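The values are calculated or read from the model by the stated rules, or taken from the named source; none is laboratory data. All values reported here derive from a predicted model rather than from experimental measurement. Using ideal geometry, Cβ is built from the backbone for each residue, glycine included, and neighbour counts are taken over all protein chains shown.
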Amino acid sequence: GNQIGAAFWQTISGEHGLDSNGIYNGTSELQLERMSVYFNEASGNKYVPRAVLVDLEPGTMDAVRAGPFGQL
């Protein structure tokens, strides 16, 4: 479940012009228009997912954090 969730956030981030650190690098106002549906804006113009991933298996979360969007 959480690995699918991580893939979802990677896809959504790309569609909204966000890099793996949550920084907007897009070129379209349309990308920013609905950013708040999936992300909250944090300090430093960084966007963070509006989600909490929980798992009782630590290996799963370690794999998500070690992935390309683990710092998001």
Problem set entry | Residue list for segment 32-64, restricted to those being exposed (fewer than 12 other Cβ atoms within 10 Å of the Cβ), at negative phi, part of a helix (DSSP H, G or I) and not acidic (Asp, Glu) | Ser36, Val37, Ser43, Pro58, Gly59
Exercise. Filter segment 19-31 for residues that are assigned to a helix (DSSP H, G or I) and not acidic (Asp, Glu); which is surrounded by the most Cβ atoms within 10 Å (Cβ to Cβ)?
Worked result: Gln31
For this session: Return the pairs, sorted by first residue and then second, in which the second residue is assigned to a helix (DSSP H, G or I), the first residue lies in segment 30-55 and is of a type in the set (A, V, I, L, M, F, W, C), the beta carbons are less than 6 Å apart, and the residues are 6+ apart or on different chains.
Result: Leu53/Asn2; Leu53/Gly5
Exercise. For segment 6-18, what are the residues that are out of contact with any Leu (no Cβ under 9 Å at 6 or more places or on another chain) and either surrounded by 13 or more Cβ atoms within 10 Å (Cβ to Cβ) or without any contact (Cβ under 8 Å) to a residue 12 or more places away in the chain (or both)?
Worked result: Ala7, Phe8, Thr11, Gly14
Seminar exercise, completed: Scanning segment 34-61 residue by residue, those among the acidic types (Asp, Glu) and modelled with pLDDT under 90 turn out to be Asp55, Glu57
